[in-house]
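Here, each number is a calculation from the coordinates, and none is a lab measurement. Quick caveat, the model's predicted, so the values are computed rather than measured. Cβ placement follows ideal geometry from the backbone for every residue including glycine, while neighbour counts extend to all protein chains displayed.
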């Protein structure tokens, strides 16, 4: 089995491209020379240990942070600030203004950007609230909702904007295990229906395999590209299978016990070719 990543062919241009991105905070370098391409319809995951700069890369893609070196572009245009084509769902539950109802929270960015009329904003918000399973909670306020429900509101608010890329920064990390699994399942269901483009940050190997169809592995601080792999063959139904567990262990080894491309191929072969995802080790 070839250990090469399978990328789109036929000259398809990436929707979002990071080229040689180095990010710094004062004298501290968060990432070094990171490059990757996100294609339309991808569920692209940035995975790495704490402090590797994965959240910083997502913030740079959102336009909140400027690279010290390199560039990020969307649809071929450089990212030079936030925009409605990139909407972020954060980990924190306080991302929702507490004085606004669920409906008002989802309507808010539509009205602020003046993309639609108030009537259309209300209709669109109600549609997405129902799509994330919160029909009947339109007039509830955030303090009356569970953590999982608040994240559903944040996802509805983001999708109502119809962004080119949905950016999610460890959105389920603060949830309990059962709610986190449910939210992963619901995110997968929404993607199957809508096929939006997703850039997702996590430090959980299992979550990366479940959520993503492509995963970029980042080294410990400062973050550098260690490897890239396809993970489209895994989902919640396959979690716990021997193949899933083998992939989890191989990712752990690549993150924390790095070896060269030749050794990585040998290790993958020994682990069982039939169970192996496609790999591309960073040079």
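Figures for the structure shown
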{"quantity": "Convex hull projection area averaged over all views, region 118-227, Cα basis, nm²", "calculated": "8.3 nm²"}
{"quantity": "Length gained when the stretch residue 112-residue 68 is fully extended (0.36 nm per residue, less Cα-Cα span)", "calculated": "12.8 nm"}
{"quantity": "The chain: angle of helix 102-112 to the longest principal axis, Cα-based, in degrees nearest 10", "calculated": "80 degrees"}
{"quantity": "Relative contact order of the chain, defined on C-alpha pairs under 8 angstrom at six or more residues apart (%)", "calculated": "25 percent"}
{"quantity": "Over region 31-109, equivalent-ellipsoid semi-axes from the Cα gyration tensor in Å", "calculated": "26, 16, 13"}
{"quantity": "Most mobile of 27, 146, 241 in a GNM of the chain (Cα contacts under 10 Å)", "calculated": "27"}
{"quantity": "Computed [θ] at 222 nm, deg cm²/dmol, the chain (DSSP H ≥ 4; -39,500 (n - 2.57); rounded to nearest 500)", "calculated": "-11000 deg cm²/dmol"}
{"quantity": "Between helix 242-256 and the chain: long-axis angle, C-alpha atoms, 0 to 90°, nearest 10", "calculated": "80 degrees"}
{"quantity": "Estimated FRET transfer efficiency when R0 is 45 angstrom, pair residue 189-residue 99 (beta carbons, to 0.05)", "calculated": "0.90"}
{"quantity": "Shape metrics for region 1-139, restricted to C-alpha atoms - Rg then Dmax, Å", "calculated": "18.4, 56"}
{"quantity": "Average Cα contact separation per residue, region 19-83, under 8 Å, 6 or more apart, as relative contact order %", "calculated": "35 percent"}
{"quantity": "For the chain, built as a Gaussian network whose Cα springs stay under 10 Å, the top-fluctuating residue of 128, 191, 99", "calculated": "99"}
{"quantity": "Distance from region 12-85 to region 88-129 (C-alpha centre basis), Å", "calculated": "26 Å"}
{"quantity": "Evaluated at q = 0.24 Å⁻¹: base-10 log I(q)/I(0), Debye formula over Cα of region 97-162", "calculated": "-0.95"}
{"quantity": "Choice from 138, 24, 120 with maximal GNM fluctuation in the chain (Cα, 10 Å cutoff)", "calculated": "120"}
